[in-house]
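Visitor: Please find one structure pasted underneath; my questions will follow.
Please treat every number below as a calculation from the coordinates, not as lab data. Computed from a prediction, not measured in an experiment: that's the story for all the values here. All Cβ positions, even for glycine, are placed from backbone atoms using ideal geometry, and neighbour counts span all protein chains on display.
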Amino acid sequence: MQSTKIYASPEEAWSQKIAALCGDVTIGCSEVNAIIGHVIRVSDEVVERQEVLKTSIDALGQNQSSVITACEAAHRMSEDARHKISGGGVEIRNASADALYLVGLFNELEEFLNGFAESIDEINTVTSNIDSLARTTNMLALNATIEAAKAGEAGETFAVVASEVKALASDTKAANANVTQAINNISGNANQIVEKLQSGLARSRGMDKKFGKVDELLLDIDGIVAGVSSENAQAAKISGDLKHFMQASHSAAEHLSQGIVNNNKSLKKAQSRADAVEMLCNDMFDIVVKNGLSPQDDYFVEQAMSFANQFTKLTQKAMDAGALTMDDLFDTQYVEVKGSNPVQYRNRLTAWADANWRPMLDKITDSDRRYEAAVCTDVNGFLPTHLTRFSKPLTGDPLYNAVHCRNGRIILTGCDIPAKQSTDAFKMAVYCVEDDQEENRLVRNIYVPLYWNNRRWGDFELAYYL
């Protein structure tokens, strides 16, 4: 059988319903705020990424402009190369024709020199015969001279003729020797010319095929360059199209970013209104508790005020003993802890608070399972110390630090602000936290002002749940 809670009076029933309703509305507003906050963060990240994307698009657009310029220049160079190759092919074909014509002349000259060598051989034969005849004539003239001498006076005339014949034979032999020497020189030079011509002709054999091969290679190169030129032209066109696409993408990204920014403005307005509703619910809940209409919270209020009184006495005792000064207690020269993320601070109160307030905070929190946490925060939201479980050594992981390293943080948001501004004996608030199962749980918080020498330092806070 389902049990039904019985209230002492209708007013108590209504107050509990109001308190529960305020809690439900607060949870709803917190969930909405969490969702809106997440959407805003994601949107901001999208905007940041859009800015990076736009920068990349701009850079790519500039690169594409360079690519287009390079492709167009390459296309022009390719076309120029084609014209030069084409002209080179014509010149090579002309040179081939001239070279083949020259080879033909060399062949004719070789034939002529071969014929000339044969003529020289014939001349050598003739000169050899002449030389032989001159020797014979010389012998006859010598014999004639001898016979003329034997004949005495009768042979004197014959002796004169023989002498002349002998002289003629000598002259003929000398002239023939000179002719022979000249012909030998001509023959030697002609043979050298023939040898050089034959060497040149040997090298020139197949020249027409080589020239033809070069012409074919030039045609192949022209085809390749033509292909490159066509590819460059196509690349320039594609790059141009891509550049236009980049420009369109940049415009679209700009439009999308502006839409996200406008949407974030609307979301922030909705978040602000949700915050206002949540604050209104907190004010209603504060009024309900302060008017004694929520007995289940009265106990926790009494406990919180008692704990605050204990902190006041402990701290005043330390100041009376000279262990702590007012300047130390109210020091607002927060020194940032280097490398902390989220940022932590230290001041002159920190060391004393760690040694004296933290043990009390741990003891209070452990005294009742319904206590979520107990802390002391100054008027600026600074936590000089925290529970031991939330004062772990810093690591390089910001997410870990945010959960386990809360000491030294400055946290002044939401319901903290009106609590710091309030001059009442206490201030009530409700908010939701996410538990280990990622479900929202309603937490109630009591702010009790802390004063020393009639000066407001901040608040003792006790968070609990029912």
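Visitor: If I take R0 = 30 Å and measure r between the Cβ atoms of residue 180 and residue 160 in this structure, what FRET efficiency does the formula 1/(1 + (r/R0)^6) give, to the nearest 0.05?
Guide: 0.50
Visitor: Taking 0.36 nm per residue of sequence separation and subtracting the Cα-Cα distance, how much length would be gained by fully extending the chain between residue 255 and residue 124, in nm to one decimal?
Guide: Additional length available on full extension: 36.4 nm.
Visitor: Would you mind counting up the charge near residue 414? Only other residues with Cβ under 9 Å from its Cβ, with Lys and Arg at +1 and Asp and Glu at -1.
Guide: Summing Lys/Arg as +1 and Asp/Glu as -1 gives -3.
Visitor: Past 22 Å, Cα to Cα, is the threshold; run 317/363; 338/392; 268/338; 150/173 against it and keep the listed order.
Guide: From the list (317/363; 338/392; 268/338; 150/173), the Cα-Cα distance tops 22 Å for 268/338; 150/173.
Visitor: Can you give me the long-range amide H partners of residue 432? Hydrogens built in the peptide plane at 1.01 Å from N, cutoff under 5 Å, separation of 5 or more residues or another chain.
Guide: Amide H neighbours of residue 432: 443.
Visitor: Among 142-149, 341-348, how do they line up from the highest to the lowest mean number of other beta-carbon atoms within 10 Å?
Guide: For the peptides 142-149, 341-348, the packing ranking is 341-348, 142-149.
Visitor: What's the local net charge at residue 355, with K and R +1, D and E -1, over the other residues with C-beta under 15 Å away?
Guide: Taking every other residue near residue 355 into account, the sum is +2.
Visitor: Which net charge results for the neighbourhood of residue 144, defined as the other residues with beta-carbon distances under 13 angstrom from its beta-carbon, given Lys and Arg at +1 and Asp and Glu at -1?
Guide: Neighbour charge sum, excluding residue 144 itself: -1.
Visitor: Related question: Tell me which residues come under 5 Å, amide H to amide H, from residue 337 once H is placed; ignore anything under 5 positions away on its chain.
Guide: 344, 345, 346
Visitor: Separate question: Taking neighbour counts of Cβ atoms within 10 Å as a proxy for exposure, in what order, fewest first, do 432, 405 appear?
Guide: Ascending number of Cβ neighbours within 10 Å: 432, 405.
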